[in-house]
Amino acid sequence: MPDAYVLGIETSCDETAAAVVRSGEEIVSNIVASQIALHQPYGGVVPELASREHLRAIVPVVRQALEKSQRTYATVDAIAVTQGPGLAGALLVGISYAKALAYALEKPLIAVNHLEGHIHAVLLEERAKGNHAVNFPVLALVVSGGHTHLYLAEEHGEGWVYENVGHTRDDAAGEAFDKTAKLLGLGYPGGPVIDRLSAYGDPTAVKFAISQMKHRDRRDQNQPESARPHFDFSYSGIKTAVLRYVETHNMRERVEKRQKAISAISQPKLEDYLAACDQQTLDLIASFQRAIVGDLVSKTLTAARACNAATLFVTGGVAANAELRRTFESEAAKEGLPAYFPSRPLSTDNAAMIAAAAYPRLLARQFAHADFCAQPGLVLR
Ligand code: KG4
Ligand code: ZN
């Protein structure tokens, strides 16, 4: 097939994004309008506000993506949009717009699973670097604000098929970063702040125990004893442990003072955060991050061994974390397992990953029906 240009649209959470990707391997344009400032005063994403903001942003964001790509509505080959998982109202904005565009332009429409998008962000960038030889099976850790999922992927025809081999039982890792940052008075989103502040604390100062959960899939009672175990995660306990630490070490007053100081600054910088944190808090932050990173890395590598994975992908917002990348790189290298990450801009939500994931479906002519709906709980298979 000659070069194909896919216009991707992503509105599943708090980023309105559009991108044009050539043949699943070259980002021609990639526009992300973040709503972080809008949600910051509430300490998390407010679904109604997210939908309204997507409505406001979708037309200019798509227009900008096309302008930057030097393509027009008429010269893209297909339109791809996130079907789920995500916030229902937010997904609906992108889907309605994509459907209208596809209908008016008489272009094929492709529905994409957001999690497959995160996985394809890695593939897209590897292809852009000239690496076309990914060995299967691929074990992909998708670690974001809403997910901590392990998928074992195999190639199947033009596309990939996925088996879920692990997931979080409660909070996602990104959610634990966000909730912990909030309870320490550091604002929203917490991941990037904790990432930067951790470098200034002692990661061995506070010991956190994260529950270990290895079991055979309990959803299927009939499977044999030899069935592959699941490698599940759990991060709600560590957030409670941080809260308990704050209370037992009389840190509450300091947290309140910090919360006031940080929320009074419109765009706090690293110096502002550091000025608001005492050493004990920095040690607590570094220890929290070390515990989460250690757990993500050890469980993922145990799963990689059990599944005989040939390649490891680590993707999603939390994959932007410096310590996580460093630890995965060194630990996977010890086992001779090639580990790939997206660049930081492609770790968090974007539409280039949606356009890239759509490309094999364009080749296979797997188009969406005009009446397809948003699926907030869409499963990846
Ligand atoms: O993939 P993403 O943009 O949206 C979801 O699909 O959830 O991920 C957002 C999550 C947030 O929880 C945010 O705190 C976390 O990714 N995050 C990070 C970092 N950058 C973003 N967590 C740890 N370290 C980071 N550098
Ligand atoms: Zn995401």
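The values are calculated or read from the model by the stated rules, or taken from the named source; none is laboratory data. Source: prediction; values computed, not measured. Please note: Cβ atoms are built from the backbone with ideal geometry, for glycine as well, and neighbour counts cover all protein chains shown. Remember, those area values only see protein heavy atoms, side chains included, never the ligands or the DNA or RNA. Shrake-Rupley method; radii C 1.70, N 1.55, O 1.52, S 1.80 Å.
Within the chain, what whole-number % of the accessible surface is contributed by carbon and sulfur, with the 1.4 Å probe and all protein chains included in the calculation? Carbon and sulfur: 51 percent of the exposed surface of the chain.
Applied to region 266-273, the Karplus parametrisation 6.51 cos²θ - 1.76 cosθ + 1.60 on θ = phi - 60° returns per-residue 3J(HN,Hα) values of 5, 10, x, 9, 4, 4, 5, 5 Hz, with x for Gly and Pro. Per residue, the chain reaches -14000 deg cm²/dmol at 222 nm when only DSSP H runs of four or more residues are counted, each adding -39500 (n - 2.57). Applying 1/(1 + (r/R0)^6) with r as the Cβ-Cβ distance of GLU106 and GLU26 and R0 = 25 angstrom yields a FRET efficiency of 0.50. Maximal additional length on extending the ASP272-TYR42 stretch stands at 80.8 nm, based on 0.36 nm per residue less the C-alpha distance. Cross-link pairs exceeding 30 Å between alpha carbons, from the set LYS179/LYS269; LYS99/LYS129; LYS269/LYS334; LYS179/LYS334: LYS99/LYS129; LYS269/LYS334; LYS179/LYS334. With N counted as the residues of the chain, its alpha-carbon radius of gyration over 2.2 N^0.38 Å works out to 1.00.
Dipole magnitude for the chain: about 400 debye, using +1 per Lys or Arg Cβ and -1 per Asp or Glu Cβ, origin at the Cα centre. Beta bridges from DSSP with both residues in region 17-156: antiparallel share about 70 percent, rounded to the nearest 5.
Amide H to amide H, with H built 1.01 Å from N, TYR340 comes under 5 Å of LEU312, PHE313, VAL314, counting only residues 5 or more places away or on other chains.
CYS13 sits with roughly 40 Å² accessible to a 1.4 Å probe, with DNA, RNA and ligands left out of the calculation. What FRET efficiency would be calculated for the residue pair SER236, THR72, taking the C-beta separation as r and a Förster radius of 35 Å, to the nearest 0.05? My answer for the efficiency is 0.15. Please calculate the 1.4 Å probe accessible area of GLU256, with all protein chains present, and give it to the nearest 10 Å². Probe radius 1.4 Å; accessible area of GLU256 about 100 Å².
The slack between GLN280 and ARG63, meaning 0.36 nm per residue of separation minus the straight C-alpha distance, is 73.3 nm. Counting only protein chain heavy atoms and rolling a 1.4 Å probe, the accessible areas of HIS149, HIS156, HIS120 rank, largest first, as HIS156, HIS149, HIS120. Ordering HIS132, HIS118 by accessible surface, largest first, gives HIS132, HIS118; the 1.4 Å probe counts only protein heavy atoms, with every chain in place.
Other residues whose C-beta falls under 9 angstrom from the C-beta of VAL112 contribute a net charge of -1, scoring Lys and Arg +1 and Asp and Glu -1.
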